[in-house]
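Report on the structure given below.
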Amino acid sequence: MTPRQWPRWFADLWERVIPPRSYEELVRRDRPIAWWRLSEPDGATAWDASGQGNHAAYMGTVTRGVDAIPGVPGGAAARFHGRADYTGCVVPPAARLDGLLNDLTVEVWFRTLMNGAPIAQVLGHTNLFLARFNLGRWPPLNAWKVTKYAVSDIFLGTVPTDTNWHHVALVYSRTAGTLLYQDGRLAGYDPDARDLEPSRPFPAVGMAECGIHEGDLAEVAVYDRVLAPERIAAHYRMGAGL
């Protein structure tokens with residue numbers, strides 16, 4: 001039996017006995033089905049570190065090799081250029097991920113390049129009708145705009161307006177609805193738990209309805225279940241080097 005096949009109770013016991021020594025080890029123990037670290041120095045492929053073969057493709061202008069999150073010494077991240085270049089994004093493999101219709105968690109580390117008015121566009125598509133959900137900053141409210149079902153918008157939390165690294169996790173539960181965690185804490189909640197639309201593709205990374213991300217992204221991980229709040233908090237603490 002591989003670690004990915006361990007029951008959750010056994011994985012929790014293992015973690016208490018032998019705590020993870022790195023952010024990479026922590027994420028692996030939670031068994032993502034896709035994990036784009038965005039640490040490649042060059043090339044057109046964003047390699048999937050989950051071992052599931054869900055490699056993605058860089059599109060447009062994306063700068064590689066910028067400084068990683070604090071908890072990954074020696075790592076790297078990718079920089080997206082927002083208003084300067086309206087093309088950069090990372091496109092996941094549609095055929096492999098479009099079938100995610102049940103419980104779902106997506107996490108990403110991000111930082112913006114400008115204080116006060118960040119362009120934080122994390123997941124989705126510039127055309128909201130072409131993505132299953134969008135997650136990006138809605139400027140009038142400085143809130144995270146989560147677009148579900150292409151026609152249902154909710155506004156959750158407050159987008160940080162500094163240039164530090166931040167962790168955000170979007171959780172979709174068929175029983176509990178939509179939850180948004182920011183820097184390890186619940187930042188917003190919507191009880192709507194309708195099924196995600198099967199006809200919509202899985203979101204691109206670094207792009208949402210309001211445009212292209214202006215700043216850095218790293219450690220994008222997808223899970224085919226709801227991550228518990230304590231697991232999301234653990235990812236934030238270790239990734240932030242706390």
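No value in this document is a laboratory result; all are computed from the given coordinates. Predicted model, so just to flag it, every value in this text is computed and none were measured. Quick reminder, even Gly has a Cβ in these numbers, built from the backbone with ideal geometry, and neighbours come from all protein chains shown.
The Cα center of the range 16-66 and the Cα center of the range 213-242 differ in position by 12 Å. Protection proxy ranking, highest mean first, for peptides 224-231, 181-188, 40-47: 181-188, 224-231, 40-47, where packing is the per-residue count of other beta-carbon atoms within 10 Å, averaged.
Placing dummy labels 7 Å off each Cα toward the beta-carbon, the span from Arg174 to Thr161 is 4.1 nm. The amide H of Arg174, built 1.01 Å from its N in the peptide plane, has Asp103 as neighbours under 5 Å, considering only residues 5 or more places off or on other chains.
Sequence-ordered 3J(HN,Hα) estimates for the range 60-76 from the Karplus curve with 6.51, -1.76 and 1.60 and θ = phi - 60° stand at x, 8, 10, 7, 9, x, 6, 4, 7, 5, x, x, 10, x, x, x, 8 Hz, glycine and proline given as x. Ordering of 212-218, 64-70 by packing is 212-218, 64-70, highest average first (other Cβ atoms within 10 Å, averaged per residue).
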